[in-house]
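Participant: Before we start, here is the structure in question, set down as structure tokens.
The values are calculated or read from the model by the stated rules, or taken from the named source; none is laboratory data. Note that the coordinates shown come from a computational prediction; the quantities given were computed from them, not determined experimentally. Here Cβ is always computed from backbone atoms with ideal geometry, including for glycine, and neighbour counts include all displayed protein chains. We work out accessible area using only protein heavy atoms, side chains counted, and drop any ligands, DNA or RNA first. Shrake-Rupley method; radii C 1.70, N 1.55, O 1.52, S 1.80 Å.
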Amino acid sequence: MTMPQDPTSPTIVAPQVLLGNHLKALKLPTFAREYEKVAMESARDSADYPRYLLRLCELERIDRERRNVERRIRQARFSQVKSLDTFDFAAQPSLNKSLVLELARGEWIEKRQNCIALGPSGTGKTHVALALGLAACQKGHSVAFTTAAALVHELMEARDERRLRALQKHLNTVKLLIVDELGYVPFTAVGSELLFEVFSQRYERGATLVTSNLPFDEWTSVFGSERLTGALLDRLTHHVHILEMNGDSFRLAASKKAQRRSGHAANLAAKATSQGDVEPKL
Ligand code: ADP
Ligand code: MG
């Protein structure tokens, strides 16, 4: 009678297969993917074993960090991914550029401070909030992005379904909570209370970034109660960085520019046709 063969026996399983299994179990995908290539490079460069291992470790750590940043970005649920690289500070001179760049370094998040971006529609508040959120993910912080209306909706739904505590816990543990567009929709009394609780629970425990089209003295119109708004502002503005964005609307400026361009094009076209040139070069 023949004994069944041990499938893990190195005599019958190629070492590459075993190594692949071990690296998978140890969660070292970059090792698994790169070890043969790096072995050839190391042999070519006459690198010794420690150097060979060092190269693989470095690759694994770089790759792991990239995967972690990608995971944090996914979990943040950004409405879009925007960075400061595409933000034109010259178009928004009222905005304190050095403060924004300082905030992008993320120390305020470690200190559990707050940031409020104020200004009319189209001045880049959401863009800056998204960019600061992205920078936070890159610095290793967990982020949650939402709008005030969506957050209140989610809180009310969670309350109705008796899972408010779980949602509150999640909102408390995230390092940076971004609440965009406070001010467009007024809340019900219950909605206001629930949102107040979120801000209140995060006070000195986590960083919060709020954007609003309303100056502080009009926030009562959103929360309904003067007492609640006062208590909320008290907490939110205790350790706060204010970003004032009072310039022109970027959307409006862009569409005006486009209009001017198309107006210019129409003029050119009119001129060209009157000169008998049917296809004007724009
Ligand atoms: P807000 O949130 O203040 O209403 P947004 O951030 O949504 O404004 O800006 C509107 C659009 O204009 C977005 O597509 C945004 O990326 C763009 N935008 C606004 N300001 C700037 C700027 N200074 N540089 C580049 N893009 C901008
Ligand atoms: Mg916005």
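Participant: Put +1 on the Cβ of each Lys and Arg and -1 on the Cβ of each Asp and Glu in the chain; which of L171, A129, I12 then has its Cα farthest toward the positive end of the dipole?
Facilitator: I12
Participant: State which stretch of the chain is the longest one without any exposed trypsin sites (Lys or Arg not before Pro), exposure meaning a DSSP loop state and at most 15 other Cβ atoms within 10 Å. Please list the in-between numbers first.
Facilitator: Values: sites that count: K27, R77, R105, K111, R162, R163, R205, K281.
Longest stretch, sites excluded: 206-280.
Participant: Take the residue pairs K125/K256; K37/K139; K24/K111; K139/K256; K125/K175; K139/K169 and return only those whose Cα atoms are more than 26 Å apart. Let's see the in-between values first.
Facilitator: Numbers: K125/K256 20 Å; K37/K139 30 Å; K24/K111 37 Å; K139/K256 37 Å; K125/K175 20 Å; K139/K169 23 Å.
Beyond 26 Å between Cα atoms: K37/K139; K24/K111; K139/K256.
Participant: Between Rg and the Kirkwood Rh of the chain, both from Cα atoms, what is the Rg to Rh ratio? Intermediate results must be reported in sequence, preceding the final value.
Facilitator: Values: Rg = 27.5 Å, Rh = 23.2 Å.
Rounded to two decimals, Rg over Rh is 1.18.
Participant: How high is the FRET efficiency between R66 and M40 when r is their beta carbon distance and R₀ equals 30 Å, given to the nearest 0.05?
Facilitator: Values: r = 24 Å, r/R0 = 0.79.
The computed FRET efficiency comes out at 0.80.
Participant: Could you work out how far helix 148-160 tilts from the main Cα principal axis of the chain, as a 0 to 90 degree angle to the nearest 10?
Facilitator: 70
Participant: What residue among M156, M40, M245 has the largest mean-square fluctuation in a Gaussian network model of the chain, using Cα springs under 10 Å?
Facilitator: M40
Participant: Still on this structure, I have one more. If one takes the longest principal axis of the Cα atoms in the chain, at what angle in degrees, from 0 to 90 and to the nearest 10, does the Cα axis of helix 29-44 lie?
Facilitator: 60
Participant: Among Q138, I109, L23, whose Cα projects farthest towards the positive end of the dipole of the chain, with charges put on the beta-carbon of Lys, Arg (+1) and Asp, Glu (-1)?
Facilitator: Of Q138, I109, L23, it is L23.
Participant: Placing unit charges on C-beta atoms (Lys and Arg positive, Asp and Glu negative, everything else neutral), compute the dipole magnitude of the chain about its Cα centre in debye, rounded to 20. The partial results should precede the final answer.
Facilitator: On the way: 39 positive and 33 negative charges, 64 e Å.
Here the size comes out at about 300 debye.
Participant: Within the accessible area of segment 38-100, what % is carbon and sulfur when the probe is 1.4 Å and the other protein chains stay in place?
Facilitator: Working: 2450 of 4580 Å².
That share works out to 54 percent.
Participant: Here's a follow-up. When averaged across all projection directions, what area in nm² does the alpha-carbon convex hull of segment 128-191 cover? Don't skip to the end; give the middle numbers.
Facilitator: On the way: hull surface 18.5 nm².
For segment 128-191, the mean projected area of the Cα convex hull comes to 4.6 nm².
Participant: With the chain treated as a Gaussian network of Cα nodes joined by springs under 10 Å, which of E154, E102, E36 yields the largest mean-square fluctuation?
Facilitator: Residue with maximal mean-square fluctuation among E154, E102, E36: E36.
Participant: Rounded if a/c is under 1.5, else prolate if a/b beats b/c, else oblate: with a ≥ b ≥ c from the C-alpha gyration tensor eigenvalues square-rooted, which is segment 14-75? Each step should come with its number before you reach the end.
Facilitator: Values: a/c = 3.05, a/b = 1.53, b/c = 2.00.
Oblate.
Participant: Give me the one-decimal nm value for the distance between modelled label points at A91 and E154, 7 Å along each residue's Cα-to-Cβ direction.
Facilitator: 2.8
Participant: Leaving out ligands, DNA and RNA but keeping every protein chain, what accessible area does E70 have, in Å² rounded to the nearest 10, with a 1.4 Å probe?
Facilitator: Near enough 80 Å² of accessible area.
Participant: With a 1.4 Å probe and all protein chains kept in place, how much accessible area does S221 have, in Å² rounded to the nearest 10?
Facilitator: Near enough 80 Å² of accessible area.
Participant: Using a simple spin-label model with points 7 Å from Cα along the Cα→Cβ vector, what separation in nm is obtained for E161 and R251?
Facilitator: My value for the distance between the label points is 3.0 nm.
Participant: With runs of 4+ DSSP H residues as the only contributors, calculate the mean residue ellipticity of the chain at 222 nm using -39,500 (n - 2.57) per run, divided by the residue total and rounded to the nearest 500.
Facilitator: Numbers: 12 runs with 158 residues, N = 282.
Computed ellipticity for the chain at 222 nm equals -18000 deg cm²/dmol.
Participant: Of H153, H127, H170, which has the largest mean-square fluctuation in a 10 Å C-alpha GNM of the chain?
Facilitator: H170
Participant: I would also like to ask the following. Note down the net charge around E226, summing +1 for each Lys or Arg and -1 for each Asp or Glu among other residues with Cβ under 13 Å from its Cβ. Intermediate results must be reported in sequence, preceding the final value.
Facilitator: Details: positive: R227; negative: D217, E218, D234.
That works out to -2.
Participant: Quick check: with the 1.4 Å probe, what order do E204, E41 take by accessible area, largest first?
Facilitator: Numbers: E204 90, E41 60 Å².
Sorted descending by solvent-accessible area, the residues read E204, E41.
Participant: Here's a follow-up. Among A189, L155, S225, which residue has its Cα positioned farthest towards the positive end of the charge dipole of segment 124-251, with +1 placed on the Cβ of Lys and Arg, -1 on the Cβ of Asp and Glu, and the dipole taken about the Cα centre?
Facilitator: My answer, from the dipole projection, is L155.
Participant: Once each part is reduced to its C-alpha centroid, what is the distance from segment 80-149 to segment 184-202 in angstrom?
Facilitator: Centre-to-centre (Cα) distance: 22 Å.
Participant: Might you report the magnitude of the Cβ-based charge dipole of segment 14-75 about its Cα centre, with Lys and Arg at +1 and Asp and Glu at -1, to the nearest 20 debye?
Facilitator: Details: 14 positive and 10 negative charges, 89 e Å.
Charge dipole of segment 14-75: 420 debye, to the nearest 20.
Participant: Taking the 0 to 90 degree range and rounding to the nearest ten, how far is the long axis of helix 250-274 tilted relative to the main principal axis of the chain, both from C-alpha atoms?
Facilitator: Helix 250-274 sits at roughly 80 degrees to that axis.
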